[in-house]
Amino acid sequence: MARVLAFNISKVKGVPKEEVGAVTFIEESGIEGDAHAEPGLRQVSLLAKESADKIREIMPEIGNGRFAENVTTEGIVLSVLPIGTQILLDGKVLLQVTQIGKECHGGCAIKQIVGDCVMPREGIFARVLKGGRVSPGCELLIIGE
């Protein structure tokens, strides 16, 4: 079963996100309290633990949110999901995949230290179709394109 390991937010852009407990997703915006919450195609970012673990082999101390992901997942390969795929969190929050990977401008701190970062290749972005409050550990279900 795929699930959410952690939710992560930052109050300002350009800094690592901090792991938090339950979060509220706002329709067509993002996660309440996150600096990146605004209308557009990149309202929420997701990264699989399995992707992050590739870098943690070199730097095991890298925590959730340090790749700038809002949602850290487990048990699913996110980077193969087609654009348009819908993701249901805890049976109530509905996300739609809008982008796979991103351009890395100059390299984040992780890339500067390790020489690589998985977020530009394996992270995904989504918009919030239906909001709601969810907690870490909730089920993540792919419901289609």
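The values are calculated or read from the model by the stated rules, or taken from the named source; none is laboratory data. None of these values were measured; they are calculated from a predicted model. Heads up, the Cβs are rebuilt from the backbone with ideal geometry, glycines too, and the neighbour counts pull from every protein chain shown. Heads up: the accessible areas ignore ligands, DNA and RNA and are worked out on the full protein's heavy atoms, side chains in. Shrake-Rupley method; radii C 1.70, N 1.55, O 1.52, S 1.80 Å.
For the range 1-17, give me the residue count where each residue is farther than 15 Å from residue 137 by Cβ and surrounded by 15 or more Cβ atoms within 10 Å (Cβ to Cβ). Talk me through it step by step, then tell me what you get.
From the range 1-17, those farther than 15 Å from residue 137 by Cβ are 9-17; that's our starting set.
Those left that are additionally surrounded by 15 or more Cβ atoms within 10 Å (Cβ to Cβ): 9-10, 16-17.
Total meeting the criteria: 4.
Within the range 18-35, can you find the residues that are crowded, with 20+ Cβ neighbours inside 10 Å and assigned to a loop (DSSP other than H, G, I, E, B)?
34
Taking the condition of being in a strand (DSSP E or B), open to solvent by less than 70 Å² (accessible area, probe 1.4 Å) and at pLDDT 95 or above, how many residues in the range 125-145 meet it?
8
Quick one: residue 62 ticks every box in (1) modelled with pLDDT under 95; (2) open to solvent by 40 Å² or more (accessible area, probe 1.4 Å) except a single one, so which number is it?
It is condition (2) that residue 62 fails.
What number of residues in the range 1-20 are at pLDDT below 95 and farther than 10 Å from residue 68 by Cα?
Matching residues across the range 1-20 total 3.
Taking the range 17-39 only, how many residues are of a type outside the set (A, V, I, L, M), in contact (Cβ under 8 Å) with a residue 60 or more places away in the chain and under 17 Å from residue 130 (Cβ atoms)?
6
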